[in-house]
């Protein structure tokens, strides 16, 4: 009889362990999922704070008149009064006058069909 009693106890312990695993599996899975979500949000906040710091630094640069002057010269080709600006064009590149206009777009259709044709043509190039 001692042998049957040990088997009953073993089965009982296995059943209790199985029930505990079933009850704890979902909360444990939910806990780890929430931890992963929290970590992702923390990384997102850190990245946003980094972008804010960079934006503030950029704003500080734009508050400097010398930086604004340099940007106007570089981006907009501004010159100071009395200066002469020269723009050198690469002779090997095509100018706008040399660029051929494609004749693949039909001219004998309505204007909206020509627009659609030109968009389709541009998409395939």
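Multiplying the residue separation of residue 23 and residue 92 by 0.36 nm and subtracting their alpha-carbon distance yields 17.3 nm. Between residue 115 and residue 15, full extension at 0.36 nm per residue minus the direct alpha carbon distance yields a gain of 28.7 nm. With the Kirkwood sum run over all distinct C-alpha pairs, the chain has a hydrodynamic radius of 24.6 Å. Applying 1/(1 + (r/R0)^6) with r as the Cβ-Cβ distance of residue 73 and residue 35 and R0 = 41 angstrom yields a FRET efficiency of 0.20.
One chain, two ends: residue 122 and residue 83. Fully extended at 0.36 nm per residue, the span grows by 9.9 nm beyond their Cα-Cα distance. Calculated [222 nm] ellipticity per residue, helices only, for the chain: -25000 deg cm²/dmol; basis is -39500 (n - 2.57) per DSSP H run with n ≥ 4, divided by all residues, nearest 500.
Classify segment 24-73: rounded, prolate or oblate, from the alpha-carbon gyration tensor (a ≥ b ≥ c, eigenvalue square roots; a/c under 1.5 rounded; otherwise prolate if a/b is larger than b/c)? Let's see the in-between values first.
Working: a/c = 12.18, a/b = 6.86, b/c = 1.77.
Note, shape of segment 24-73 comes out prolate.
Values quoted throughout were computed directly from the atomic coordinates according to the rules given, and no laboratory measurement underlies them. Quick caveat: nothing in here was measured; it's all calculated off a predicted structure. Note that we place each Cβ from the backbone using ideal geometry, even for glycine, and neighbour counts take in every protein chain shown.
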